[in-house]
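What follows is a single structure, written as structure tokens, with notes after it.
The values are calculated or read from the model by the stated rules, or taken from the named source; none is laboratory data. Just so we're clear, the structure is a prediction, and the values are computed from it rather than from any experiment. Every residue, glycine as well, gets a Cβ built from its backbone with ideal geometry; the counts of neighbours run over all protein chains shown.
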Amino acid sequence: MFKRILCATDGSKRSTHAVRTAAALAAGSGATLMLVHVTPDYRTPYYPDGVMIDWPSEKDYKRDCKAAAEKVFEKDVETARKEGAEAQSLHLFGDSPADQILAAAKKNKADLIVMASHGRRGFEALLLGSETQKVLAIATVPVLVVR
């Protein structure tokens, strides 16, 4: 049925549930599973006059983000393995996770995207937006939203 499944992960409990679901689908259909984690781009802070802030260098920021992503992937790869699927991981930087997820799906020829819904409702959802909603609105392949 599916040959390439891409699953977005952020390390949360809901995201782990999405990984478990994606892995079960991958194992059942013989599909490859790619886990994608997106980290915001590095930002140089604005320093108002007289304010001193200790800000990490871009190199340190990227190193720390990569280490954090590896922790997420370790847990999620093990979750996938328990479901009978082997998972590859892809760590990306970008200010729009939805855009990065869609670009990764296109580049890797995914025929299914699996994402968690974080359950934000009402005004909070309106203010914060939802990366899942953005992917749903633009994706050209099926998107499975796991709750």
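Scanning the range 54-74 for residues that are exposed (fewer than 15 other Cβ atoms within 10 Å of the Cβ) and within 16 Å of the chain's Cα centre (by Cα) turns up Lys66, Ala67, Ala68, Glu70, Lys71, Glu74.
Per-residue answers, yes or no, for (1) more than 30 Å from Ala80 (Cβ to Cβ); (2) modelled with pLDDT of 95 or more:
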site	(1), (2)
Met1	no, no
Ala8	no, yes
Pro48	yes, no
Asp54	yes, no
Glu58	yes, no
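In this structure, does Lys62 turn out to be more than 24 Å from Val141 (Cβ to Cβ) and either modelled with pLDDT under 95 or among the aromatic types (Phe, Trp, Tyr) (or both)? In short, no.
Condition check: under 20 Å from Thr132 (Cβ atoms), in contact with a Cys (Cβ under 8 Å, 6 or more places away or on another chain) and touching a residue at least 24 places away in the same chain (Cβ under 8 Å). Does Ile5 satisfy that? Criteria not met by Ile5. Considering the range 107-134, the residues that are modelled with pLDDT of 95 or more and out of contact with any Ser or Thr (no Cβ under 8 Å at 6 or more places or on another chain) include one that is surrounded by the most Cβ atoms within 10 Å (Cβ to Cβ), namely Ala110.
Looking at the range 8-15, is at least one residue in contact with a Leu (Cβ under 7 Å, 6 or more places away or on another chain), touching a residue at least 40 places away in the same chain (Cβ under 8 Å) and not in a helix (DSSP H, G or I)? So far as the range 8-15 goes, yes, one or more of its residues are in contact with a Leu (Cβ under 7 Å, 6 or more places away or on another chain), touching a residue at least 40 places away in the same chain (Cβ under 8 Å) and not in a helix (DSSP H, G or I). Among the residues of the range 75-96, those identified as touching a Ser or Thr at 6+ places or on another chain (Cβ under 9 Å) and in a helix (DSSP H, G or I) are Lys75, Asp76, Val77, Thr79.
Candidates in the range 21-40 are the residues that are surrounded by 13 or more Cβ atoms within 10 Å (Cβ to Cβ) and not aliphatic (A, V, I, L, M); of these, the one that is nearest to the chain's Cα centre (by Cα) is His37.
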